[in-house]
Amino acid sequence: MCGFYEDLEKGVTLFRAGEQGRYWYAVLGGQLEVRYHAADTKDGKLSVTLCNLGVGATFGESILHDLPRDSTVVTKTTCELLRVEQQDFRLIFEKNKELMNDIITNCRLKNGFGQSMQTTSTVQTSVQQQPSPTKKQLSPDHPNPAAPITEIPSPAMSRMGWALRTLLVSDNTSCLKDRKVGGKFIRKCAPGTELVEWLLNLSPIVHTRTQAAGMWQALLEEGVLCHVAKEQPFKDKCFLYRFKSDEDGTAGGAPTSDDVNHANDHIREALPALLHRGPDATLRMILRKPSHERTQEELELVYEELLHIAALSHLSTSIKRELASIIVFEAHAHAGTVLFNQGDEGRSWYILLKGSVDVVIHGKGTVATLKEGDDFGKLALINDAPRYTVMSGTPQKMLEHLLETRLGGQAGPNDPFLDDFLLTHIVFMPTPLLIDELAANYHADADIDLRQASEEDQEYFLTSKRRVVQFIQRWVLAVRHAVFDDPLAVEFIEELATDVEAEPALQEEASIIHHVLTQLSRYQEDRQMNATQKWKLPPNGQPICLFSGNTHSKTVIRPDDDIIFRVYCADHTYCTLRFPMATTAEVIKACAADKLQIARLPEDLLLVEVKSSGERVVFKDNDVSVPTALSLNGRIFVSPKDHLDALTPLPEQEVPTEAPDVDFEALSTKDVAYHMTLFDWDLFWAVHEYELLYHTFGRHHFNKITSNLDVFIRRFNEIQYWVVTEIVSTTNLTKRMSLVKKFIKLAAFCKEYQNLNAFFAIVMGLSNTAVSRLSMTWDKLPSKFRKLFTEYEALIDPSRNHRAYRMSVGKLQPPVIPFMPLLLKDMTFAHEGNKTSLDGLVNFEKMHMMAQTMRAVRFCRSRHLVLDPPSPKNENEIRNYIRCFRTIDNQRVLNSMSQKVEPRRS
């Protein structure tokens, strides 16, 4: 808020001994000398250098006590400084005495490794301290993105370059031609745009210009291809490129027919590997570009890559986004290259991507070897964050700060702190504690005689009340019914309404709280209408459904709703139970054991899911929503601990689940996609954002159900295994091919309807090994559908943290049914990669990461789903069909069925 930047040349005197100080300084870059002038001698005053100050040092704290300077400070090199004026420094010191004392006590500490480094064929990324635009660059120059990163190409890339050149030269109509450029005759060169076009037409596995450009860049970065003037990386533009062999004259004569045949064979085998290398080559090219040349899309791509670098895992999201614009790629092809020497001033922080680095100390030799993922040479250039960001704090202090600074229109448009807090407070500040703190803030005047209070104090107490009411309004807006589900919150809102109504100065707040009460009343009426909801988990592995048989409207599953389900024991006998969703596994276990007459103490028993594959998953005693948490064809068993190995799947778990007898081939594909999307939207709409937190941290920590989320996840698996089951159950080759074609068309319609959850499920079903191995089926499929499926596979490609999907979904407008497994993966990644508390303070940066994913869910359904209905023909038949698919989820059984319809070729 109050720091100023200074950029000084060498030899500038900041202040002299004896002068009255006005500023405190911190060193951002360069070195300064601290000089002391001794007593007069015959030659005048003797100047003695006391010490040098480097990056990270601070000085000038004598301004705290108005003492004169006791030494002279002069810049030894070009320097960058942070300057704080005396008045501001005193205010900072008073508010942060402990921190500031630490800084002043340790003001001689410098950053940097301080040891010499030797590389052994290393490739790394470096973060460099950014200079002022007016100052000479002190850090290493940006690597040239047009130059190769290796001294000689790898054999694989050399061979690929030969094969591509052979096919280009053998095609008389190709773009590789002799051209006159700037008065010079250039042999065998081609524009980047035409090379991209040629590669797109060469193979169906290359289906975007971006992919093709990345593949050419992979060849360029190893020196197989080069820009004619050596000034450009590969670009899908009219820049001219040629093969290195044409540049140095080693290409040889015209290719023979055998050469062409060998080249075609090699391309078929090795092109997927080049396609796979393309994204990495593109990333490296971006990292070798100067910061100001990186586009917004390129910065986003780099940021996504930084999420997966272990050395950066402790950094905040905002800092990673800053790093995306300044991080640079370096390659060192020769072992023995010295990166920096012991005693050098540190200017870069390195992260090893490939290779290794030796740490060498004078007189001791190699003391350590750093490998891939390690980092070294850290500078203090990542310790700050945007001012508005709350990094950590106690729950009470964060709430206090929030009420003081984020309500009443004070928050900036890009400040998510209030929303982050509302979405995640249940993790670090349970609702009872939050209510207590809000009540204390609202009734801050409880022990004050307001008649004797100053006008300023009275205004303060009124402002506190206003902010609490505004908080309640924003809370209800952010998490909706979760507030109304909590009796303590409801009681507090009702008390608040009475209190606000009695305060004439709070008329506007009375209107707000009455609007909240109206929402509460509507919600309670809706709850009353569905108070007797009962659900059933049928014994044949079918989806959970309302016991009433009402299948035309999906309602939210609530904790006090009853569910009817079976619990089995080792001999496959069972009992039928009915319990509320929120019942713990311990209660279910005890009741089932009693009914099944298992004479064991409750502590000797386990409640277990047995999957169709035979895998056993033990429930925790305090787990809730147990019946809905089952896998697609799982069953609940109760067993003594010492008999766990005796549990086996039921015979019906290995056969398809029951489904309506409908011929899928006879149904309109678009109609099926339409009704699937409506059904899936209802399931998605019922999932509350909090369920993502319960799922990530564990339901038992909150004693809250995740049934709506469970059912939605189950739907994804149901669609995926329905696709596989239908295909491997079809023995006729022509019908099987037709079915694959229909599923690809179904995926296309789901994508069109923005039902991405179903789209992913269908494509993953088609990619299942039991289906992908059916070569006769795929060979018979028209090339149009094969190419379309290749595009869809590229979209669901999990590499680079599902980059292709994220970029695609980022361009969509709601309503969207998102790919839920990826959202849950993001939540788990944020949870497991970051501690919830640091030194007793809530790690709010983690809460921000969690809230980002929860906001993505909210955004996807920020508009209602409205689709043009298809023809009403077969409407009821299709509705019944899409609610209950025929599925087998045992991969061993599916593989066996696949082998029967298409035996492995010898």
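Scoring SER511 on the criteria (1) small (Gly, Ala, Ser); (2) under 19 Å from ILE705 (Cα atoms); (3) open to solvent by 50 Å² or more (accessible area, probe 1.4 Å); (4) assigned to a helix (DSSP H, G or I) leaves a single failure, condition (2). Number of residues in segment 852-866 that are open to solvent by 40 Å² or more (accessible area, probe 1.4 Å) and in a loop (DSSP other than H, G, I, E, B) equals 4.
For segment 827-851, the candidate set comprises residues that are over 16 Å from ASP415 (Cα atoms) and touching a Lys or Arg at 6+ places or on another chain (Cβ under 8 Å); within that set, the residue that is most open to solvent (accessible area, probe 1.4 Å) is LYS835.
Take VAL763 and tell me if it is in contact with an Asp or Glu (Cβ under 7 Å, 6 or more places away or on another chain) and either in contact (Cβ under 8 Å) with a residue 40 or more places away in the chain or of a type outside the set (Gly, Ala, Ser) (or both). Break it down stepwise before answering.
On the way: in contact with an Asp or Glu (Cβ under 7 Å, 6 or more places away or on another chain): yes; either in contact (Cβ under 8 Å) with a residue 40 or more places away in the chain or of a type outside the set (Gly, Ala, Ser) (or both): yes.
Here the answer is yes, as VAL763 does meet what is asked.
Out of the residues in segment 567-607 meeting the condition of being closer than 19 Å to PRO649 by Cβ and outside any loop (DSSP other than H, G, I, E, B), tell me which one is most open to solvent (accessible area, probe 1.4 Å). The qualifying residue most open to solvent (accessible area, probe 1.4 Å) is TYR574.
Looking at segment 767-775, can you tell me whether even one residue there is modelled with pLDDT of 95 or more and closer than 19 Å to LEU678 by Cβ? No.
Among the residues of segment 801-823, are any modelled with pLDDT of 90 or more, open to solvent by 30 Å² or more (accessible area, probe 1.4 Å) and among the β-branched types (Val, Ile, Thr)? No, the conditions are met nowhere in segment 801-823. Among the residues of segment 610-623, those that are touching a Leu at 6+ places or on another chain (Cβ under 7 Å) and more than 16 Å from THR583 (Cβ to Cβ) comprise VAL610, ARG616, VAL618.
What are the residues in segment 668-700 that are open to solvent by less than 30 Å² (accessible area, probe 1.4 Å), of a type in the set (Ser, Thr, Tyr) and either in contact (Cβ under 8 Å) with a residue 60 or more places away in the chain or not in a helix (DSSP H, G or I) (or both), if any? Selection gives THR669, TYR674, THR677, TYR690, THR696. Would you pick out the residues in segment 531-558 that are at pLDDT 85 or above and either surrounded by fewer than 16 Cβ atoms within 10 Å (Cβ to Cβ) or small (Gly, Ala, Ser) (or both)? Result: LYS534, single match. Restricting PRO821, PRO869 to residues that are in contact (Cβ under 8 Å) with a residue 40 or more places away in the chain, part of a helix (DSSP H, G or I) and of a type outside the set (S, T, N, Q) narrows the list to PRO821. Of all residues in segment 481-502, those that are open to solvent by 80 Å² or more (accessible area, probe 1.4 Å) and under 18 Å from GLU691 (Cβ atoms) total 1.
If you go through segment 635-648 and keep only what is in a loop (DSSP other than H, G, I, E, B) and either closer than 15 Å to GLU586 by Cα or open to solvent by less than 10 Å² (accessible area, probe 1.4 Å) (or both), you end up with just LEU647.
Count of segment 199-249 residues, restricted to those that are open to solvent by 10 Å² or more (accessible area, probe 1.4 Å), assigned to a helix (DSSP H, G or I) and small (Gly, Ala, Ser), is 2. Taking every residue in segment 480-492 that is without any contact (Cβ under 8 Å) to a residue 40 or more places away in the chain and pairing it with any residue that is part of a helix (DSSP H, G or I) and of a type in the set (S, T, N, Q), at least 6 positions away or on another chain, yields no pair with a Cβ-Cβ distance below 8 Å.
Among the residues making up segment 831-844, those that are touching a residue at least 24 places away in the same chain (Cβ under 8 Å) and not in a loop (DSSP other than H, G, I, E, B) are HIS831, SER837, LEU838, LEU841, VAL842, ASN843, PHE844.
For segment 447-466, state whether one or more residues are within 41 Å of the chain's Cα centre (by Cα), of a type in the set (A, V, I, L, M, F, W, C) and assigned to a helix (DSSP H, G or I). Break it down stepwise before answering.
Residues of segment 447-466 within 41 Å of the chain's Cα centre (by Cα): 463-466.
Then drop every residue that is not of a type in the set (A, V, I, L, M, F, W, C), which leaves none.
No, segment 447-466 has no match at all.
Any residue at all in segment 779-800 that's more than 24 Å from the chain's Cα centre (by Cα), polar (S, T, N, Q), farther than 16 Å from PHE664 by Cβ and open to solvent by 20 Å² or more (accessible area, probe 1.4 Å)?
Here is the first cut: in segment 779-800, the residues more than 24 Å from the chain's Cα centre (by Cα) are 779-790.
Subset that is polar (S, T, N, Q): 783, 790.
If we keep only those that are farther than 16 Å from PHE664 by Cβ as well, we get 783, 790.
Subset that is open to solvent by 20 Å² or more (accessible area, probe 1.4 Å): 783, 790.
Yes, that holds for at least one residue.
In summary, strands (runs of 3 or more DSSP E) completely within segment 283-381 and bearing 3 or more residues that are at pLDDT 80 or above, more than 19 Å from GLY833 (Cα to Cα) and open to solvent by less than 20 Å² (accessible area, probe 1.4 Å) occur at 327-332, 348-361.
Being within 30 Å of GLU501 (Cα to Cα), open to solvent by 30 Å² or more (accessible area, probe 1.4 Å) and either out of contact with any helix residue (DSSP H, G or I) (no Cβ under 8 Å at 6 or more places or on another chain) or modelled with pLDDT of 95 or more (or both) narrows it down to one residue among GLN524, GLN528; which is it?
Values: GLN524 fails: either out of contact with any helix residue (DSSP H, G or I) (no Cβ under 8 Å at 6 or more places or on another chain) or modelled with pLDDT of 95 or more (or both).
Only one candidate qualifies: GLN528.
Screening SER783 against (1) in contact with a helix residue (DSSP H, G or I) (Cβ under 9 Å, 6 or more places away or on another chain); (2) in contact (Cβ under 8 Å) with a residue 12 or more places away in the chain leaves a single unmet condition, (1). With respect to the conditions (1) in a loop (DSSP other than H, G, I, E, B); (2) closer than 25 Å to ARG736 by Cα; (3) of a type in the set (D, E, K, R), LYS704 falls short on a single one, namely (2).
The values are calculated or read from the model by the stated rules, or taken from the named source; none is laboratory data. This is a predicted model, so every value here is computed, not measured. We place every Cβ from the backbone using ideal geometry, glycine too, and count neighbours over all the protein chains shown. Side chains are part of the model used for accessible areas, which takes the heavy atoms of the whole protein and leaves out ligands, DNA and RNA. Shrake-Rupley method; radii C 1.70, N 1.55, O 1.52, S 1.80 Å.
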